[in-house]
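Data first, discussion second: the structure below is written as structure tokens.
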Amino acid sequence: MIPLAAFEAVIDDSGVARRIEAILPIGVRARQLTVRTLLAGICLTQADSRPAHLTRVHQALTALPEPDQRRPGVIADWKQGPHQLTYRQTERTFGLVADALAEDKPGGLPSGPLQAVCDDLLEASVPEKFKETSRSLAVDWTDLESFSRPPPHGTSDCADPEASWGHRKNNLLRSQDELFYGYYFSAGVMMPEDNGPAVPELARRATASSCRHDPVRAFAPVLTAMPAAGIPLGDILDDSGYAHRDADAWALPLRAAGAQLVQDLHPNDRGPKGTHDGAIIANGNLYCPQTPRPLLELGPLARTATTEQAADHDRQTAELARYKLGRLTADDPDGYHRVQCPAAMGKLRCPLRPASMRLDRSRPEILQPPEHPQACCAQQTITVPPDVNAKTAQKHDYPSAAWRRSYARRTGAERGFATAKDPATNDISRGWCRLMGLTPLMLCITTLLIVRNQRILAAWNARQEENQRRAAKGLPPRTRRRRRKTLTALAATAMPP
């Protein structure tokens, strides 16, 4: 059980309780339940694996030991004597907070004050010693079903008008998506840097939006606002659902904010996609016009690939890198940069670059150079405008071994949602929160992630202490047993011939 003091420390560090109190209406009589105690009570409810119901919040606060009830005002001295908090007071304070943070005309997106409150609460749940450990974030979205029943066909009247129909993946043996009524829940989970030390996978940013809004466009402003808050962006790990969006929706804003993208490309974005000054545009890079077509059409390595297949794939991607035009400059303020022919850089041999023919024959050689060389072959360098590869450019060459190792960190986002949806702790399926509207859901989801971060930190600290004890005895750190065979292979083995 996570103690009340841990949640109170997070709320105090964030400073959100004072900000919310300042915008709440002042009544004739002072409220017994403060915003600070309300938020702590919601956290206690989540930490005790109870659903996010206000009745459970009231029960969690009134079940505390008497000293812990008196200190935050759950038990207050009235004229008639000690008075314990009532459910009606809990409901009243939560309603005031939700109304103060909601949009005047709800439209399915969080208001600025609500998003700022949730950002500050989540950031305060990350200990100072881990804030600068890593700047990499794995991002993803998942479904968050509303408790409201959907409106009847042909109408829009229901208990939660901000919710909308959305699509989610299912585990059934079919390819169709499943419909649900509610919101998209997006989160960014802290991951280790490339080849960096391990870090606790703490949720650092989150938001929710109605399914009528694109979750990618809803989450991009949350991430791009982090540098203004003093949190520089590093690697952003995302799947093809993010990479396939228009560049203006995802890639360009994040790069402008200082992020480096590590993403899986959508099948429609892979392979050759035109030319620029004669150079082939493919997979986020520019390549020599004589690059072999099979190399340009390489896709990511299959999950079931054998060691030999992985080695052959890595050999082909390494050969493809020989044909890539090399970047010479960083982007200027307008987004332009310059690149150079790979033969001029000494990566391959080409008759159009006589100096390259003196290189050793271990490098690839262009046997049939173009009869009418274009700018990429005739000039020393060419200028690349920002609209070339605006959507697909990323930190590592796709789909190289370096990209594969770096992109493997994105599974941290899946683990983050798995811990938030674990039926053994907090199952956020329909009915987990029975409050209607985006604002109450956002507050409950944020407190859930705070509780999750506390659990991750407790497990991390226990693991570090165990490793220190083993090191003192001269033993190596304890490692996790990994499945060496896929479930598909095991099932095939078990099936009779």
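The values are calculated or read from the model by the stated rules, or taken from the named source; none is laboratory data. Given the structure is predicted, the values throughout are model-derived calculations rather than measurements. Because the Cβ atoms are built from the backbone with ideal geometry, glycine has one as well, and the counts that use them run over all protein chains shown. For the accessible areas, the whole protein counts, side chains as well, though only heavy atoms, and no ligand, DNA or RNA atoms are used. Shrake-Rupley method; radii C 1.70, N 1.55, O 1.52, S 1.80 Å.
Taking Phe147 and the conditions (1) among the aromatic types (Phe, Trp, Tyr); (2) part of a strand (DSSP E or B); (3) open to solvent by 30 Å² or more (accessible area, probe 1.4 Å), which numbered condition does it fall short on, given that it satisfies the others?
Failing condition for Phe147: (2).
Condition check: open to solvent by 20 Å² or more (accessible area, probe 1.4 Å), closer than 30 Å to Ala102 by Cα and at pLDDT below 90. Does Pro477 satisfy that? I'd like the intermediate steps shown before the answer.
On the way: open to solvent by 20 Å² or more (accessible area, probe 1.4 Å): yes; closer than 30 Å to Ala102 by Cα: no; at pLDDT below 90: yes.
Criteria not met by Pro477.
Name the single residue that is nearest to Cys211 (Cα to Cα) among those in region 86-140 being part of a helix (DSSP H, G or I), acidic (Asp, Glu) and open to solvent by 30 Å² or more (accessible area, probe 1.4 Å).
Asp99
Return a yes/no flag: does region 378-386 have any residue that is in a loop (DSSP other than H, G, I, E, B) and under 30 Å from Ile236 (Cα atoms).
Looking through region 378-386, at least one residue is in a loop (DSSP other than H, G, I, E, B) and under 30 Å from Ile236 (Cα atoms).
Counting just the residues of region 422-474 that are among the basic types (Lys, Arg) and not in a loop (DSSP other than H, G, I, E, B), which one comes out least open to solvent (accessible area, probe 1.4 Å)? Give the derivation first.
Initial filter on region 422-474 (among the basic types (Lys, Arg)): 430, 434, 452, 455, 463, 469-470, 473.
Now narrow it down to the ones that are not in a loop (DSSP other than H, G, I, E, B): 452, 455, 463, 469-470.
Details: Arg452: 13, Arg455: 72, Arg463: 92, Arg469: 126, Arg470: 48 Å².
Among them, the one singled out is Arg452.
What residue, of Asp248, Asp238, is open to solvent by 20 Å² or more (accessible area, probe 1.4 Å) and either of a type outside the set (Val, Ile, Thr) or more than 23 Å from Ser406 (Cα to Cα) (or both)? Before you say what the answer is, go through the steps one by one.
On the way: Asp238 fails: open to solvent by 20 Å² or more (accessible area, probe 1.4 Å).
From the options Asp248, Asp238, the qualifying one is Asp248.
Restricting to region 222-248, what's the tally of residues that are assigned to a loop (DSSP other than H, G, I, E, B) and touching a Gly at 6+ places or on another chain (Cβ under 7 Å)?
Total meeting the criteria: 2.
Report yes if some residue within region 278-289 is without any contact (Cβ under 8 Å) to a residue 12 or more places away in the chain and under 30 Å from Gln379 (Cα atoms); otherwise report no. Write out each step before concluding.
Initial filter on region 278-289 (without any contact (Cβ under 8 Å) to a residue 12 or more places away in the chain): none.
The answer is no, given that none of the residues of region 278-289 is without any contact (Cβ under 8 Å) to a residue 12 or more places away in the chain and under 30 Å from Gln379 (Cα atoms).
From (1) within 27 Å of Ser146 (Cβ to Cβ); (2) touching a His at 6+ places or on another chain (Cβ under 7 Å), pick out the condition that doesn't hold for Ala76.
Result: Ala76 passes all but (1).
What about Lys395, is it assigned to a loop (DSSP other than H, G, I, E, B) and open to solvent by 60 Å² or more (accessible area, probe 1.4 Å)?
Yes: the conditions hold for Lys395.
Can you name every residue in region 167-186 that is open to solvent by 10 Å² or more (accessible area, probe 1.4 Å) and touching a helix residue (DSSP H, G or I) at 6+ places or on another chain (Cβ under 6 Å)?
Hit for region 167-186 is Tyr184, nothing else.
Go through region 187-216 and give me each residue that's open to solvent by 30 Å² or more (accessible area, probe 1.4 Å) and either in contact with a helix residue (DSSP H, G or I) (Cβ under 6 Å, 6 or more places away or on another chain) or of a type in the set (A, V, I, L, M, F, W, C) (or both).
Those that are open to solvent by 30 Å² or more (accessible area, probe 1.4 Å) and either in contact with a helix residue (DSSP H, G or I) (Cβ under 6 Å, 6 or more places away or on another chain) or of a type in the set (A, V, I, L, M, F, W, C) (or both): Asp194, Ala198, Glu201.
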